[in-house]
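The values are calculated or read from the model by the stated rules, or taken from the named source; none is laboratory data. Treat the numbers as computed from the prediction; the structure is a model and nothing was measured. With ideal geometry, Cβ positions are generated from the backbone for all residues, glycine too; neighbour counts draw on all protein chains shown. Protein only, heavy atoms only, side chains kept; ligands, DNA and RNA dropped before computing areas. Shrake-Rupley method; radii C 1.70, N 1.55, O 1.52, S 1.80 Å.
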Amino acid sequence: MSEINDIKRRLSAVAQTRQITNAMYLLSSSRMRREAQRAGYAKEYFHRIRATVKDIMEKSQSITHPYFEKRSGNRAAFLVIAGDKGLCGTYNSDVLKYAHALISEHPVHYIKTVGRIATEFFTRRGIIPDDEMLGAAHQPTLYTARDISEKLFELYENGQTDEIYIVFTRFENSAVHYPYCMRLLPMTLEGFEDVENLLAPASDMIYAPSPREVFDRLVPQCAVGLVFAALVQSSASEHSARMNAMQNATENADEMSQKLTREYQTLRQLSITNEIIEISSGAQGASRYGTQSGVDTEGLT
């Protein structure tokens, strides 16, 4: 009987867990569809703005600018984007392990984390992030992207770093998303090899009021768009990963519930059979006792 009560308690616990995981699955599905739409727009903007910058760089290779010059140092700044919460499969661990491997290659580095999980990950490994931001991974906005971009550009312009990288999870669709690293500064043609030109070729390009002032305005705005696209893609990837994880958890709960139900029914049938056997044995014993008692009484009379 104790085994039956134990299975009943486990069935109740599994049912409650399933309600939670199913609710989280439905919520993540809704958020994933919304963020996937935003990610689609962001990816289109991401691609077009990179194509524009590539086109300008190809047509103005003789123009020098601090944003395009490679520096001799090995100091790097990393913007690492992860989540504020768990329960999303391997989403956080994949991007953070990837970022940790990249950071290990640079002895002097600056780390800015987006998401509580990222901060905790590096802190446990003895790497204290220089700056952190919470909430941006869950609800990315242009204001947040601009704030992040301005602080990173300030480091570069003040000579505190030689390179700036963004490590995030690139979103392709609800089933495909993977860690990705993009160099934000300095911008070089090698970093735009995967971008196709969208503009018609032109022989000459005129910059007004001057090439430097054009790039002073264009590159920071480009960086804001790239940071925002990275935030949105990371958010969509997180919701997609959580949706898949909660779907798997719900299916596992259903399988466990079916297995426990079969065990419960087996034990219940066994218990009923044993009770029937006990009743039958008791009835037979009582019948034999009554028969023997009647014979003895007749013999005494």
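Were the residues from ILE277 through ALA208 laid out at 0.36 nm apart, the gain over their Cα-Cα distance would be 14.9 nm.
Over the residues of the chain, the helix contribution to mean residue ellipticity at 222 nm works out to -22500 deg cm²/dmol, using -39500 (n - 2.57) for each DSSP H run of at least 4.
Within the chain, antiparallel bridges make up roughly 35 percent of the DSSP beta bridges whose residues both belong there.
With 0.36 nm allotted per residue and the present C-alpha distance subtracted, the ALA15-SER257 stretch has 86.4 nm of extension available. When the charge dipole of the range 1-120 is built from unit charges on Cβ atoms (+1 for Lys and Arg, -1 for Asp and Glu) and taken about the Cα centre, the candidate among TYR67, VAL114, GLN37 whose Cα reaches farthest toward its positive end is GLN37. Distance between the modelled labels on THR266 and ASN173, one decimal in nanometres: 4.1 nm (7 Å Cα→Cβ projection).
Per-residue extension of 0.36 nm, minus the Cα-Cα distance of ARG71 and ARG217, leaves a gain of 50.4 nm for this segment. Number of Lys-Lys pairs in the chain with C-alpha atoms under 28 Å apart and a separation of 8 or more places or on different chains: 21. Carbon and sulfur: what percent of the range 91-139's accessible surface (1.4 Å probe)? That share works out to 53 percent. Here the Gaussian network model covers the chain, with springs between Cα atoms less than 10 Å apart; of GLU105, GLU35, GLU251, GLU105 fluctuates the most.
Among PHE228, PHE215, PHE168, the residue with the largest mean-square fluctuation in a Gaussian network model of the chain, with springs joining Cα atoms closer than 10 Å, is PHE215. The label-point distance for LYS8 and GLU58, in a model that sets each label 7 Å from Cα toward Cβ, rounds to 7.4 nm. Please state the shape class of the range 1-118: rounded when a/c is under 1.5, otherwise prolate if a/b exceeds b/c and oblate if not, all from the C-alpha gyration tensor. Oblate is the answer for the range 1-118, as a/c is 1.5 or above yet b/c matches or exceeds a/b.
Largest GNM mean-square fluctuation among ILE279, ILE117, ILE81, using the chain with Cα springs under 10 Å: ILE279. Once both labels are positioned 7 Å from their Cα atoms along Cα-to-Cβ, the gap between THR123 and GLU190 label points is 3.7 nm.
Taking the Cα centre of the chain as reference, the dipole from Cβ charges on Lys and Arg (+1) and Asp and Glu (-1) amounts to some 320 debye.
Checking (i) 1.72; (ii) 0.98; (iii) 1.07 against Cα Rg over 2.2 N^0.38 Å calculated from these atoms, the matching label is (i). Taking Cα centre as origin and charging only the Cβ of basic (Lys, Arg, +1) and acidic (Asp, Glu, -1) residues, the dipole magnitude of the range 85-188 rounds to 420 debye.
For the chain, what are the DSSP H helices with axial Cα length of 27 Å or more and mean Kyte-Doolittle hydropathy of at least -1.0? For the chain, where a helix must reach 27 Å along its axis and average at least -1.0, the hits are 2-59, 211-300.
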